[in-house]
Amino acid sequence: MRAVFAAITLVSGPRILPALVLVACAVWVAVRREWWRPGIVAAAMVASTLLSLAIKNLVGRPRPPLATMDIPGAETTASFPSGHTMGTATLLLVIGYLAWSRHADRRNLVVGGAVAVVGTLAVGLSRLYLGYHFLTDVLAAVALAVAVLGFVVVADRLHGLDSGRPQQDSNLQPTD
């Protein structure tokens, strides 16, 4: 289990996840010749990171005891909220929303929701298992990612109104 959770933590961390997002967004722009959706994914990730860092600095909550950490001293920033969890949850929620908002049906909603839940749960559990966070750090990160998603939804809906793109009905039914 340790190796699996260590790999999940590595991929969802501040070095690899941003690089993956940057490359994916660049490829998205090049292949699809659109800027809005990859741009909003990148903006959400930057906002999520800045929000996480600001709250970490404001709260200043210490990490769990070194004796509980997989690699004592490997994490030096404050504990609250979990940046790994917040970044992953933001990415998966925003991509899931964008996929569903362009092709609204129950299947896309369920698949996107399941991917977001499973991916976020895997990262959150990895941070707890490896001893780098408290449960409240992970739960707060998920709540903050949902808040970032709220801003993304508003921005995307406003952009859709400005661009004349059909908007989805509020009762989650696809447009005709």
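A short reminder: the numbers here are calculations on the coordinates, not readings from a lab. Only a predicted model underlies this, so the values are computations on that prediction, with no experimental measurement involved. All Cβ positions, even for glycine, are placed from backbone atoms using ideal geometry, and neighbour counts span all protein chains on display.
If a residue must be over 20 Å from P38 (Cα atoms) and in contact with a Leu (Cβ under 7 Å, 6 or more places away or on another chain), how many such residues does segment 86-118 contain?
So the answer is 0.
Go through segment 123-153 residue by residue and tally those that are crowded, with 18+ Cβ neighbours inside 10 Å, touching a residue at least 60 places away in the same chain (Cβ under 8 Å) and within 29 Å of D70 (Cβ to Cβ).
Qualifying residue count for the region: 14.
Do we find that T85 is touching a helix residue (DSSP H, G or I) at 6+ places or on another chain (Cβ under 7 Å) and without any contact (Cβ under 8 Å) to a residue 40 or more places away in the chain in this structure?
no
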